[in-house]
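The values are calculated or read from the model by the stated rules, or taken from the named source; none is laboratory data. Predicted, not measured: the structure shown is a model, and the values here were computed from it. Cβ placement follows ideal geometry from the backbone for every residue including glycine, while neighbour counts extend to all protein chains displayed. To get the accessible areas, we keep the full protein, side chains included, count just its heavy atoms, and leave off ligands, DNA and RNA. Shrake-Rupley method; radii C 1.70, N 1.55, O 1.52, S 1.80 Å.
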Amino acid sequence: SVAVVLLAFSLPASAEKLVCSIKATKGAAGLEKMAKISKDAAMKSALAKVKGTVSKSELEVEDGCLVYSFDVKVAGKSGAEELYVDAGNGKVIHHKHESAMNEAAEKAADTVKPKK
């Protein structure tokens, strides 16, 4: 129906679901054992997509997917490029530019999270 089509286009981009090869839950133990590719291989994949310097990297669960996330600084550009690389097959499954302000807010939120 028309209503369904309109609803699909009215959803914010952040509601986009990641498509990945390894499903995981936040806080799950043994994420490193679940990953099928190394962090180095994932980094090569990210840097093949965006030329720059990795300023932050981690293996984490985003939207139910096990990913290596990378913040890549590009020369002459403020902020960073945020990329998620599928920890199962090495494909870049998310890429967006984060302004310096967004990046600072994300960093502040990370420091506030309680440590387990």
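Lys44 exposes around 150 Å² of accessible area when a 1.4 Å probe is run over every protein chain in place.
Summed over the residues of region 28-116 and divided among them, the accessible surface reaches 59 Å² per residue at a probe radius of 1.4 Å. Taking the 1.4 Å solvent-accessible surface of region 9-94 as the whole, the part contributed by carbon and sulfur is 56%.
For region 58-67, putting each phi into the Karplus relation 6.51 cos²θ - 1.76 cosθ + 1.60 with θ = phi - 60° gives couplings of 7, 8, 8, 9, 10, 6, x, 10, 7, 9 Hz, in residue order, rounded to whole numbers and with x for Gly and Pro. Each label point was placed 7 Å from the Cα along the Cα-to-Cβ direction; for Lys107 and Glu60 their separation is 1.4 nm.
Over region 12-104, the Kirkwood radius and the radius of gyration, each from Cα atoms, give a ratio Rg/Rh of 0.96. With 23 Å as the limit, the listed pairs Lys17/Lys73; Lys26/Lys77; Lys23/Lys51; Lys33/Lys73; Lys56/Lys96 have Lys17/Lys73; Lys26/Lys77; Lys23/Lys51; Lys33/Lys73 beyond it between alpha carbons.
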